[in-house]
1. Using the count of nearby Cβ atoms within 10 Å as a rough guide to exposure, how do 196, 70 rank from fewest to most?
2. Take the alpha carbon atoms of the stretch 165-230, find their radius of gyration, then divide it by 2.2 N^0.38 Å using N residues; give the quotient.
3. Obtain the nm distance between the two label points defined at residue 256 and residue 154 by a simple spin-label model: each point lies 7 Å from its Cα along the Cα-to-C-beta direction.
4. Pulled fully out, how much extra length does the chain show between residue 184 and residue 271, if you take 0.36 nm times their separation in residues and subtract their Cα-Cα distance?
5. Over the stretch 79-332, what is the relative contact order in whole percent, taking alpha-carbon pairs under 8 Å and six or more residues apart?
6. Neighbouring Cβ atoms within 10 Å as the yardstick, rank 301, 74, 102 fewest first.
7. Please compute the modelled spin-label separation between residue 212 and residue 240, points set 7 Å along Cα→Cβ, answer in nm with one decimal.
8. Need the full-extension length gain, residue 302 to residue 167, defined as separation in residues times 0.36 nm minus the C-alpha distance. One decimal, nm.
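Laboratory data are not the source of any read-out in this text; all were calculated from the coordinates shown. Note that the structure is predicted; figures quoted are calculated from it, not measured. Cβ sites come from the backbone with ideal geometry, for glycine too, and all protein chains shown count toward neighbours.
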């Protein structure tokens, strides 16, 4: 166990050393390591108060509060380094947003707004994010807070939470598109961009991906309109076009094995021409519609639709696999929240929120890399539990009082392993 602990600490140290120049002072680097150790620890509440006082009392809390909220380092620099660590790699870029439930109204970006996390309109923050799916692993590429217009238009609110000068209102799809460009600039080869209808329904977003030379499979709403092949005058909602498809066009396909068995539905693809003034002005190319219906219920409201620019003739099962690769980002949200405290931050400021987010992304990336050690790919919760044990041992070894107590227990129970 001691050798495994030393080996793990060496890997963690080497990993963190790659980010040392992202922090202006040595004290900031030490604070970053303490913060990450806290996120990886067994602390139930991973806010600054909990992380600081667990090990260092009130002085520790004040030091971490300053480090996250006021110290002179930028979350952007850490994100840039994290993305460049994957430079030369390739994978599927998955886009989505996640919500953070809040009780008050003073934290940056909080508003009554829809959140897929809450599955309703609620008082929350919403952040747009992207992850790179590389085989079975996901690596965070970016996460930016969505700011409703009431936050960007109010000088008082901007000043209270430190919203940067020059940052203006952006819809979520524009935030996501900026992340796509940033990932490309980091040298990562994007095999395909995947997102839900919150992003894919808008023509401008899809057109921008086309202009960047990227393939995509994105969700759309059932009322998106298009021209069927051979039709020149009358456009129709995709739900109507799907309903007209003959039964012979539908195929039952499995895209993944779930905990309760194979995930399998019926799919069909058809070539279309995009409709609308923007599409006509841009001279939009033909597009493929992927339709999905449940094999258990054929009600139209249960059907799902995707637009893709993947070349016609690509096997349908490949397109279906890409459409359903969105589960990877949902799983990463769950792990970062449940295992690492992504949603535990209680500060109100713009800088503090983004610093907590990028440090959580660092912790998550380290755990993802740790999953590759050993003969088989461990689940992230399993790796997280191992890391908790290692951190517990290190805490004992580096704390004189705890070490003396441990030795006392060892003398009383000498056969305890």
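1. 70, 196
2. In units of the globular-protein estimate, the stretch 165-230 measures up at 1.25.
3. Simple spin-label model gives 3.8 nm for this pair.
4. Result for the pair: 28.5 nm of gain on full extension.
5. The value is 17 percent.
6. 301, 74, 102
7. Placing both labels 7 Å along Cα→Cβ, they lie 3.3 nm apart.
8. 44.7 nm
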